[in-house]
Amino acid sequence: MKTKFVSLLAIILGLIIILFPVFGLVGASSLIGLSVLLMSIYLLVVGVSIIDYNSSGAILDLILGMILLFMSIGLIFNPALLGFLTQITLYLAGIMLIIVSLVSLINNRMSRFGFYVGIAGIILGLLYIVIGTYVSNPIILGTLIGIWLVINGVLKLMDN
């Protein structure tokens with residue numbers, strides 16, 4: 001039950017991230033902050049749901065979720081922080097997606113599709129960094145995190 005809920009949550013949050021840029025013009029800090037916020041919510045829920053059988057993976061997920069939560073709150077509510085983080089935000093988000101994917105790869109190594117979830121996140125994180133270098137459109141970058149969440153949710157749902 002927990003796994004299906006987490007999978008559906010990942011799909012829903014991923015679709016929200018993919019669809020959100022279509023609804024209006026939002027500043028880069030709010031869009032990236034929202035993407036990071038939704039990723040942190042997902043990690044916190046995963047950390048709590050797997051604590052029964054994988055305490056080390058749960059602790060990693062919870063720590064990453066808290067770090068991303070504080071980062072997202074800063075990006076959403078403090079526009080001056082964006083001025084400081086503008087040069088590194090894109091790289092930081094890509095690096096965090098890669099780290100989250102590595103943790104996911106470690107946590108899901110026993111599941112049937114766990115390897116592919118981690119690999120998809122690593123590839124999308126690298127893509128995030130490359131696209132962030134050449135493209136300044138935050139809609140594309142937020143969509144990459146949404147794609148990763150949808151892929152993660154679908155593969156976890158198929159694993160049951």
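Read-outs throughout are calculated quantities, based only on the coordinates presented, and are distinct from any laboratory measurement. On a predicted model such as this, the values are computed, not experimentally measured, just so you know. Cβ: placed from backbone, ideal geometry, glycine included. Neighbour counts: every protein chain shown.
Values for this structure:
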read-out	value
Sorted by Cβ neighbour density within 10 Å, fewest at the top, the residues SER104, SER55, SER49	SER55, SER49, SER104
Region 97-134: chymotrypsin sites (Phe, Trp or Tyr not before Pro) in DSSP coil with no more than 13 other Cβ atoms inside 10 Å	none
